[in-house]
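Have a look at the structure below before the remarks.
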Amino acid sequence: MTPSPATAAQNLPKARTVLRGRRAELAERLVRIQRDRQRQEQPLSADFSEQATERENDEVLDRLAEATAAELRQVSHAIEKLDAGLYGLCEICGEEIAGARLAALPDATTCQDCASDRKPGNGRS
Ligand SMILES: [Zn+2]
């Protein structure tokens, strides 16, 4: 089940466009979240119920920022691989990642098997 190199090569320009768009989108979102977060660094309201709400908002923003930053790292990493000519190759086993998986997850850097198969003893050695 080796996809023809032609297929992978044909998909590269599209993957690059998708990943660059995604990276720009995530970077912009992260900036926006951080700006919101900074706005909330201002002194807490005197009102106790307001304070609770503000703290909750901070937590939500922190989690959002964390998730966005993680995705941004993943997308940037996929772009690096693209630039290095290694896009579409699994980082763990070195096999080609299935086209369908890349279509669904353009920033995937591991094949389906390695992604789902972190635990040993799955009888696939
Ligand atoms: Zn793999």
With each label point set 7 Å from Cα along the Cα-Cβ vector, what nm distance links Phe48 and Gln34? 3.6
Once fully extended, how much extra length lies between Thr17 and Gln112, figured as 0.36 nm per residue of separation less the alpha-carbon to alpha-carbon distance? 31.9 nm
The set of residues whose placed amide H lies less than 5 Å from the amide H of Leu89, leaving out same-chain residues fewer than 5 positions away, is Ile97
GluC sites (Glu not before Pro) within segment 26-100, DSSP loop, no more than 16 other Cβ atoms inside 10 Å: Glu41, Glu91, Glu95
Once Arg16, Arg35, Arg101 are ranked on solvent-accessible area with the largest value leading and a 1.4 Å probe, the list reads Arg35, Arg16, Arg101
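The values are calculated or read from the model by the stated rules, or taken from the named source; none is laboratory data. Small disclaimer: the values here were computed from a predicted structure and weren't measured. Glycine also receives a Cβ, built like all others from the backbone with ideal geometry; neighbour counts cover every protein chain displayed. The protein model used for the area step is the full one, side chains on, heavy atoms only, and it has no ligands, DNA or RNA in it. Shrake-Rupley method; radii C 1.70, N 1.55, O 1.52, S 1.80 Å.
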